[in-house]
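Participant: One structure coming up, written as structure tokens, with questions to follow.
Every number here is computed from the coordinates shown, using simple stated rules; none is lab data. Small disclaimer: the values here were computed from a predicted structure and weren't measured. Reconstructed Cβ throughout: ideal geometry from the backbone, glycine too, with neighbour counts over all protein chains shown.
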Amino acid sequence: MASTHDYDVDKRNDNIQVYINGEFFHRSEAKVSVMDSGYLLGDGVWEGIRLHKGTLIHLNDHLDRLYVGAKSIAMDIGVSQDEMAEALQKTVDINDMNSDVHIRLIVSRGIKKTPYQHPKVTIGKPTIVIIPEYKKASEEVKEKGISLATVKTRRDHQTQDPRINSLSKHNCIAACIEADQLGADEGLMLDPHDFVSTCNSTNFFIVRGGEVWTSTGEYCLNGVTRGSIIRLCKEYHIPVFEKNFNVEDVHTADEVFVTGTFAGVIPVTSVDGKIIGDGTRGSITESLQNWYALDIEKLVEAS
């Protein structure tokens, strides 16, 4: 089965240095305590950041989201955004990395004095981990696309705010397992009102009659790439709408695609076993892939 996170295996990853609270450790020696809030409870926030030609792509957007997410769970990260940016740069420098790199930035609430959920039993500062890896997205997936299946697991505000990039990924994992059991690559998730929200690891778009539709954003992660695609549609004069729509609209769409930091724009060729369009990457999807790649190069040039 395909995945939006398919990548070419790179042996250089065997010897990367991982950042943990200001120190670096060989990948095989990088560890956090079993008493850490992230391990015990999934209590924290994270970001996936792409390094392309020496530039940390959309860095400020990612850090803004990280710090807003931390504030929403009453967690003081303990370092400024500028200091976090410096830590990220130091991590790629010590690993002598330049391009085709994906970085996982993780901040948990920190060490607990006992395995209990209340923040008051947290000892000391949050745990900051930066894991860089050489990861180049699969070109085959970018061209041939993936399949989706509508799952029963919902995105709603009853258990946790779906707009926060939380370490607690149970909701998304449950959707991922459902999709796998249905023979699909990713799960298409609905909101509490039966409108389409998002996928378990990517943001979701459809194309109908030359228009691009995505959800209102109320029940999905505020994707950085999602925001870029909405902006690019406007710049290239493609009508784009953040609106409510249902699964029937998806099944009869001209094109479907998903977005994410790692792979950018990925076509979807079938949903719930129904072929989308002619079963191949659509023209607007391909154009958005090209425009997004060009947009990234412009960011590099401007940095």
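Participant: Assigning unit charges at the beta carbon (Lys, Arg +1; Asp, Glu -1) and nothing else, what dipole magnitude in debye, to the nearest 20, does region 11-135 show about its Cα centre?
Facilitator: Magnitude of the dipole: close to 400 debye.
Participant: Further question: With all pairs of different alpha carbon atoms counted, what Kirkwood hydrodynamic radius in Å does region 11-135 show? Working shown, then result.
Facilitator: On the way: mean 1/r = 0.0672 Å⁻¹.
After inverting the mean inverse Cα-Cα distance, the result is 14.9 Å.
Participant: Hey, got the dipole for the chain? About the Cα centre, +1 on K and R Cβ, -1 on D and E Cβ, debye to the nearest 20?
Facilitator: It comes to approximately 880 debye.
Participant: Tally Lys/Arg at +1 and Asp/Glu at -1 over every other residue whose Cβ is under 14 Å from the Cβ of Gly110; what's the total?
Facilitator: Net charge around Gly110: +2.
Participant: Could you tally the net charge around Tyr67, taking each other residue with its Cβ under 13 Å from the Cβ of Tyr67, Lys/Arg +1 and Asp/Glu -1?
Facilitator: It works out to a net charge of -4.
Participant: Let me ask something additional. Sequence gap at least 6, Cα distance under 8 Å: using those rules, report the relative contact order of region 11-135 to the nearest whole percent.
Facilitator: Relative contact order, region 11-135: 35 percent.
Participant: Roughly speaking, what is the centre-to-centre gap between region 263-288 and region 15-39 when only Cα atoms are used, to the nearest Å?
Facilitator: Using only Cα atoms, the two centres lie 39 Å from each other.
Participant: Considering amide H positions built from the backbone, and no H for Pro or chain starts, which residues 5 or more places from Val240, or on another chain, come under 5 Å of its amide H?
Facilitator: Val212
Participant: Right, another one. Amide H to amide H, which residues 5 or more places from Leu188 or on other chains are under 5 Å from it, using H placed in the peptide plane?
Facilitator: Residues meeting the criterion, in which the H sits 1.01 Å from N, are Ala149, Thr150, Val151.
Participant: Using the Karplus equation 6.51 cos²θ - 1.76 cosθ + 1.60 (θ = phi - 60°), what ³J(HN,Hα) coupling, rounded to whole Hz, does each residue of region 124-132 give in order, writing x for Gly and Pro?
Facilitator: Using θ = phi - 60°, the values come out as x, 8, x, 8, 10, 10, 10, 10, x Hz.
Participant: Evaluate the Kirkwood expression for the hydrodynamic radius of the chain, namely the inverse of the mean inverse distance over all pairs of different C-alpha atoms, and round to one decimal in Å.
Facilitator: Numbers: mean 1/r = 0.0499 Å⁻¹.
20.1 Å is the Kirkwood radius here.
Participant: In addition: Given the convex hull of the Cα atoms of region 1-72, what is a quarter of its surface area in nm²?
Facilitator: 7.4 nm²
Participant: Show that you can apply the helix-only estimate: for the chain, add -39,500 (n - 2.57) for every DSSP H stretch of four or more residues, divide by all residues, and state [θ] at 222 nm to the nearest 500. Walk me through the numbers before you get to the answer.
Facilitator: On the way: 8 runs with 88 residues, N = 303.
Result for the chain: -9000 deg cm²/dmol, rounded to the nearest 500.
Participant: Mean Kyte-Doolittle hydropathy of 0.5 or higher plus an axial Cα length of 30 Å or more: which whole DSSP H helices in the chain meet both?
Facilitator: Qualifying helices: none.
Participant: Quick check: net charge around Leu40, other residues with Cβ under 12 Å of its Cβ, Lys/Arg +1 and Asp/Glu -1?
Facilitator: After counting each charged neighbour, the total is +1.
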